[in-house]
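Trainee: First, the structure itself, so that you have it in front of you.
The values are calculated or read from the model by the stated rules, or taken from the named source; none is laboratory data. What you see is a predicted model; the values in this text were computed from it and never measured. Quick reminder, even Gly has a Cβ in these numbers, built from the backbone with ideal geometry, and neighbours come from all protein chains shown.
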Amino acid sequence: MIGFEPTDEQKQVQRLAHRFAEEEIRPAATEYDEREETPWPILQKAAQIGLMSYQYPEAYGGGGMTSVLTGCIVAEELAWGCLGVATAIIGAGLAAVPILLAGSEEQKSRYIPRFCDPEKVYLGAFALTEPEAGSDAASIRTSAVRKGDRYVLNGQKRFITHGGIADLYVIFATVDRSLGHRGITAFIVEGDAPGLSAGKKEKKMGMRASHTGDVILEDVEVPVENRLGEEGEGFYIAMKAFEHTRPI
């Protein structure tokens, strides 16, 4: 007979998330929502007890609980505390997902441990949506032009969770607009890269403890080794990442 009960490990992390939501998130939720402010102290506490790293492989310093179901269990408990704060916590790992799915071993070893550091909140962002390309991701206009051992990125991203405040971005750009989705390529970009800047912050009706904003790219140089996969594989990488993140 197939069992549908959570495992003991899942029950344990569920209790941890519920207690954290009750003791840390709920008492402060109204304050952060009204101030439309990222809850940095709460994120730091979440990192310290493993709620921002449980989902990563142990090989990179995570808790090894990599299933989407476990992520859904934790997300439900955190959202019981406050959906905005939960999104701030969960959204921190949005850049890690495509790296885990499509990155080289060198890329994984370089970046994933940063998301697992209990002493530092490390925010990632998944930058696909644009002002002129929302649900039609294949129509993105952000360009990536190869020049020797680098790509030069130009464009604008919109409605990005942690957009403008993230430490690391996975940015989707096209190497050739005539190719449609077959020209989309994914790049790992450091948050302090020259030419990358914060655009407007969205004024939202809810979930205001989660920062949502534009990202501006002006001649941002990205080393070839920071490309995820091959040229033209970005759309596929994005869709695979959505399979993991959208249920959560």
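Trainee: Does Gln48 satisfy the criteria of being surrounded by 20 or more Cβ atoms within 10 Å (Cβ to Cβ) and of a type in the set (S, T, N, Q)?
Mentor: Numbers: surrounded by 20 or more Cβ atoms within 10 Å (Cβ to Cβ): no; of a type in the set (S, T, N, Q): yes.
No; evaluated as a whole, the condition is false for this residue.
Trainee: Inside the range 120-135, can you point out the residues that are part of a loop (DSSP other than H, G, I, E, B), at pLDDT 95 or above and of a type in the set (Asp, Glu)?
Mentor: none
Trainee: For the range 160-183, check the following and say yes or no: at least one residue is closer than 30 Å to Gly63 by Cα and surrounded by fewer than 20 Cβ atoms within 10 Å (Cβ to Cβ).
Mentor: yes
Trainee: Also, quick follow-up: Considering only the range 160-183, state which residues are assigned to a loop (DSSP other than H, G, I, E, B) and either in contact with a helix residue (DSSP H, G or I) (Cβ under 9 Å, 6 or more places away or on another chain) or under 20 Å from Arg227 (Cβ atoms) (or both). First the steps, then the outcome.
Mentor: As a first pass, look at the range 160-183 and keep what is assigned to a loop (DSSP other than H, G, I, E, B): 162-167, 175-176.
His162, Ala166, Asp167, Val175, Asp176 - these are the residues of the range 160-183 that are assigned to a loop (DSSP other than H, G, I, E, B) and either in contact with a helix residue (DSSP H, G or I) (Cβ under 9 Å, 6 or more places away or on another chain) or under 20 Å from Arg227 (Cβ atoms) (or both).
Trainee: Let me ask something additional. Among the residues of the range 130-159 satisfying the criterion of being farther than 18 Å from Gly191 by Cβ and among the hydroxyl-bearing types (Ser, Thr, Tyr), which is surrounded by the most Cβ atoms within 10 Å (Cβ to Cβ)?
Mentor: Ser143
Trainee: Does Glu119 meet the test of being of a type in the set (D, E, K, R) and either crowded, with 23+ Cβ neighbours inside 10 Å or without any contact (Cβ under 8 Å) to a residue 40 or more places away in the chain (or both)? Explain how you work it out, then say what you get.
Mentor: Values: of a type in the set (D, E, K, R): yes; either crowded, with 23+ Cβ neighbours inside 10 Å or without any contact (Cβ under 8 Å) to a residue 40 or more places away in the chain (or both): no.
No; evaluated as a whole, the condition is false for this residue.
Trainee: Of all residues in the range 234-244, count the ones that are under 10 Å from Ala186 (Cβ atoms) and touching a helix residue (DSSP H, G or I) at 6+ places or on another chain (Cβ under 7 Å).
Mentor: First, the residues of the range 234-244 that are under 10 Å from Ala186 (Cβ atoms): 234-238, 241.
Imposing the further condition that a residue be touching a helix residue (DSSP H, G or I) at 6+ places or on another chain (Cβ under 7 Å) reduces the set to 235, 237-238, 241.
Within the range 234-244, residues that are under 10 Å from Ala186 (Cβ atoms) and touching a helix residue (DSSP H, G or I) at 6+ places or on another chain (Cβ under 7 Å) number 4.
Trainee: If I filter the range 45-65 for residues that are closer than 26 Å to Lys204 by Cα and free of Cβ contacts under 8 Å to residues at least 24 places away in the same chain, do I get at least one hit?
Mentor: no
Trainee: Please work out which residue is modelled with the lowest pLDDT, limiting yourself to the range 184-228 and to residues that are surrounded by fewer than 17 Cβ atoms within 10 Å (Cβ to Cβ) and touching a helix residue (DSSP H, G or I) at 6+ places or on another chain (Cβ under 8 Å).
Mentor: Filtering the range 184-228 for residues that are surrounded by fewer than 17 Cβ atoms within 10 Å (Cβ to Cβ) and touching a helix residue (DSSP H, G or I) at 6+ places or on another chain (Cβ under 8 Å), the one modelled with the lowest pLDDT comes out as Gly206.
Trainee: Taking the conditions exactly as written (crowded, with 16+ Cβ neighbours inside 10 Å, over 13 Å from the mean Cα position of the chain (by Cα) and closer than 21 Å to Glu243 by Cβ), does Ile89 satisfy them or not?
Mentor: Values: crowded, with 16+ Cβ neighbours inside 10 Å: yes; over 13 Å from the mean Cα position of the chain (by Cα): no; closer than 21 Å to Glu243 by Cβ: yes.
Answer is no for this residue.
Trainee: Can Ile171 be described as β-branched (Val, Ile, Thr) and within 17 Å of Phe235 (Cα to Cα)? It would help to see each step written out before you state the result.
Mentor: Numbers: β-branched (Val, Ile, Thr): yes; within 17 Å of Phe235 (Cα to Cα): yes.
In short, yes.
Trainee: Of all residues in the range 229-248, how many are surrounded by 21 or more Cβ atoms within 10 Å (Cβ to Cβ) and polar (S, T, N, Q)?
Mentor: Final tally of qualifying residues: 0.
Trainee: Just to be sure before I move on: is Gly148 free of Cβ contacts under 8 Å to residues at least 60 places away in the same chain, of a type in the set (Gly, Ala, Ser) and assigned by TED's automatic domain parsing to the domain that holds Asp192 in the structure I sent?
Mentor: Working: free of Cβ contacts under 8 Å to residues at least 60 places away in the same chain: yes; of a type in the set (Gly, Ala, Ser): yes; assigned by TED's automatic domain parsing to the domain that holds Asp192: yes.
The answer is yes for Gly148.
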